[in-house]
Amino acid sequence: MQAAVYREFGGPIRIEQVPVPQLSPDGVLVQVMATGVCRSDWHGWKGHDDDVKQHGLPFVPGHELSGIVVQVGRSVKQFSVGDRVTAPFILSCGNCRYCHRNRTTVCSDQQQPGFTYWGSFAEYVAIPRADRNVKRIPDSVSFVQAASLGCRFTTAYRAVKQQGRLQQGESIAIFGAGGVGLSCVMMAASIGANIIVAIDLSNDALDLAMKLGATHVVQASVKDCCQQVQLLCGGDGADLCVDAAGFAETCENAVLCTRPAGRMVQVGLPIGDHRPQVPMGRVAGKEIEIIGSHGFAADDLPELLDMVASSSLDPAKLVRREVSLREGAIELESMDKGSPIGITMIVRFNDSKL
Ligand SMILES: NC(=O)c1ccc[n+]([C@@H]2O[C@H](COP(=O)([O-])OP(=O)(O)OC[C@H]3O[C@@H](n4cnc5c(N)ncnc54)[C@H](O)[C@@H]3O)[C@@H](O)[C@H]2O)c1
Ligand SMILES: [Zn+2]
Ligand SMILES: [Zn+2]
């Protein structure tokens, strides 16, 4: 099969012919129909991600996927060849103490395509533990819509609704309006937040945020960015701030813009060179709650798939470009220089001209 492969961290990502992945007895082999280019793939490629480092090179990225089951392991009960499926990127084990406590997003034995093993920037990807983690896609949901549920859209749902506990009528400030941040904007709008502020360096990203439901935007490069956000949220900050970008500055600003007794959710990954200096004096003095958020639990996916099927939420609005595997690999490399607007989705996997 063809796959996008890197052989050194930060080195070229090339389209190569590689063996189709082996199927585990509890897994399914999926022909990938759509896979998103997420900044977490960039972290893996840059050598920031411990799982990728532990796996070793060469490596195939990709964790935000949907496709068709083409092979089924012998112990799998719920899936057959031909099923249209997706899976959140955290494939939990079901046996550890966190799975037993229903905290599967921090499963201590989790597998993740594109991090703990070769991912979906390829014609085929293996998904182990299928009965626990793979979900069927309703007929009315497209592969592109379903793939965006594999990571950023569902991650935003967990960050804003489950971990951030955003309520109707509250204010929210979202730092970073890339794939995760724009998904957070859509979630906040669907919950009925009354003030939704998006903050980014890119004016194009801010324009898109306004179209997707932000009530205000603030350009991150201005000197008084935090003051502007605080003022827009009633003077002393937002009920909920989300660092949806994962840079030192976005993390620090999100804490600074949270109102006293408010919540701050860290969902962007400030890893690699980014070491935030969190104003912990403010956290203590203002009783700010800082909450982590990681991925999404597979058990909650049918609820979101139904919301997409009933058209109340449409992740496809975030997808700005549909590209080939080669173009997706180039896009990942170019994240060194900046972010694409919205989500880029790879939808062509075996272009004979590659
Ligand atoms: N916790 C999780 O489960 C999880 C899941 C998915 C992604 N992530 C992480 O979330 C982060 C965002 O991912 P993405 O795919 O949306 O990335 P992205 O590159 O699409 O978006 C990042 C955005 O941040 C903006 N930005 C950069 N510097 C800024 C600044 N100083 N102030 C405000 N905005 C700034 C960029 O212009 C861009 O629009 C990454 O760190 C990624 O690894 C975490
Ligand atoms: Zn587990
Ligand atoms: Zn991701």
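Report the full-extension gain for the segment residue 51 to residue 311: residue separation times 0.36 nm, less the Cα-Cα distance, to one decimal in nm. Don't jump to the answer; show the numbers that get you there.
Values: separation 260, 0.36 × 260 = 93.60 nm, distance 3.58 nm.
Value of the extension gain: 90.0 nm.
For residue 300, tell me the accessible area in Å² from a 1.4 Å probe, rounded to the nearest 10.
Number for this one is 40 Å².
Kindly report the accessible area of the chain per residue (heavy atoms of protein chains, probe 1.4 Å, no ligands, DNA or RNA), in Å².
Per-residue accessible area for the chain comes out at 41 Å².
As a test of the formula, what do you get for the chain when each DSSP H run with n ≥ 4 contributes -39,500 (n - 2.57) and the sum is divided by the residue count, at 222 nm and rounded to the nearest 500 deg cm²/dmol?
Roughly -7000 deg cm²/dmol at 222 nm, from the helical runs in the chain.
Could you work out which residue, out of 182, 212, 91, moves most in a Gaussian network model of the chain, that is, has the largest mean-square fluctuation with Cα springs under 10 Å?
Among 182, 212, 91, the largest mean-square fluctuation in the Gaussian network model of the chain belongs to 212.
Can you tell me how much longer the chain between residue 81 and residue 223 gets when fully stretched, taken as 0.36 nm per residue apart minus their C-alpha distance, in nm with one decimal? All intermediate terms of the calculation are to be shown ahead of the outcome.
Working: separation 142, 0.36 × 142 = 51.12 nm, distance 5.60 nm.
That works out to 45.5 nm of additional length.
Roll a 1.4 Å probe over the protein heavy atoms and report the accessible area of residue 84 in Å², nearest 10.
Approximately 60 Å² for this residue.
What angle do you read, to the nearest 10 degrees and between 0 and 90, between the alpha-carbon axis of helix 179-191 and the longest principal axis of the chain?
Relative to the chain, helix 179-191 is tipped by roughly 70 degrees.
Determine by what factor the alpha-carbon radius of gyration of the chain differs from 2.2 N^0.38 Å, reporting the quotient.
In units of the 2.2 N^0.38 Å rule of thumb, it is 0.96.
Suppose each label sits 7 Å from its Cα in the direction of the beta carbon; what would the residue 70-residue 337 distance come out to in nanometres?
Reported label-point gap for residue 70 and residue 337 is 3.4 nm.
Looking at the range 125-208, what % of the alpha carbon pairs are farther apart than 16 Å?
Percent of Cα pairs beyond 16 Å in the range 125-208: 59.
Here is the link list: 46/161; 135/161; 46/337; 211/286. Which ones come out longer than 24 Å on Cα distance?
On the way: 46/161 30 Å; 135/161 21 Å; 46/337 13 Å; 211/286 33 Å.
Checking Cα-Cα distances, 46/161; 211/286 exceed 24 Å.
At 1.4 Å probe size, with the rest of the protein present, what percent of the exposed accessible area of the chain is carbon and sulfur atoms? The partial results should precede the final answer.
Working: 6830 of 14530 Å².
Ligands and nucleic acids excluded, carbon and sulfur give 47 percent.
Run the 1.4 Å probe and let me know the accessible area of residue 43, rounded to the nearest 10 Å².
10
Just to confirm my numbers, what's the Cα centroid distance between the range 216-266 and the range 60-134 in Å?
The distance from the Cα centre of the range 216-266 to that of the range 60-134 comes to 35 Å.
Under 5 Å between amide H atoms, partner at least 5 residues away or on a different chain: which partners does residue 346 have, H built in plane at 1.01 Å?
35, 36, 37, 323
What are the semi-axes of the equivalent ellipsoid of the range 197-259, taken as the square roots of 5 times the eigenvalues of the Cα gyration tensor, listed largest first and rounded to whole Å? Mind dumping the intermediate values first?
Details: eigenvalues 56, 37, 23 Å².
Over the Cα atoms of the range 197-259, the ellipsoid semi-axes are 17, 14, 11 Å.
Apply the Karplus curve 6.51 cos²θ - 1.76 cosθ + 1.60, θ = phi - 60°, to the phi angles in the range 279-293 and return the couplings in whole Hz, x for Gly and Pro.
With coefficients 6.51, -1.76 and 1.60, one gets x, 5, x, 5, 4, 5, x, 9, 6, 8, 8, 9, 10, x, 8 Hz.
Taking the 0 to 90 degree range and rounding to the nearest ten, how far is the long axis of helix 325-334 tilted relative to the main principal axis of the chain, both from C-alpha atoms?
30
Quick check on the chain: of the DSSP beta bridges with both residues there, what percent are antiparallel, nearest 5%?
Values: 26 of 54 bridges.
Roughly 50 percent of the beta bridges in the chain run antiparallel, per DSSP.
Would you mind computing, in nm to one decimal, how far apart the modelled labels at residue 106 and residue 299 are, each placed 7 Å from Cα along Cα→Cβ?
Label at residue 106, label at residue 299, 1.6 nm between them.
Sort 327, 16 from largest to smallest accessible area, using a 1.4 Å probe on the heavy atoms of the protein chains. Spell out each step's value before the answer.
Numbers: 327 75, 16 40 Å².
Largest to smallest exposure gives the sequence 327, 16.
Suppose the Debye formula is applied to equal point scatterers at every Cα of the range 165-292; what is log10 I(q)/I(0) at q = 0.09, 0.20, 0.23 Å⁻¹?
Debye curve over Cα of the range 165-292, log10 I(q)/I(0) at q = 0.09, 0.20, 0.23 Å⁻¹: -0.20, -1.07, -1.45.
The values are calculated or read from the model by the stated rules, or taken from the named source; none is laboratory data. Just so you know, these numbers come straight off a predicted model, no measurement behind them. We place every Cβ from the backbone using ideal geometry, glycine too, and count neighbours over all the protein chains shown. Remember, those area values only see protein heavy atoms, side chains included, never the ligands or the DNA or RNA. Shrake-Rupley method; radii C 1.70, N 1.55, O 1.52, S 1.80 Å.
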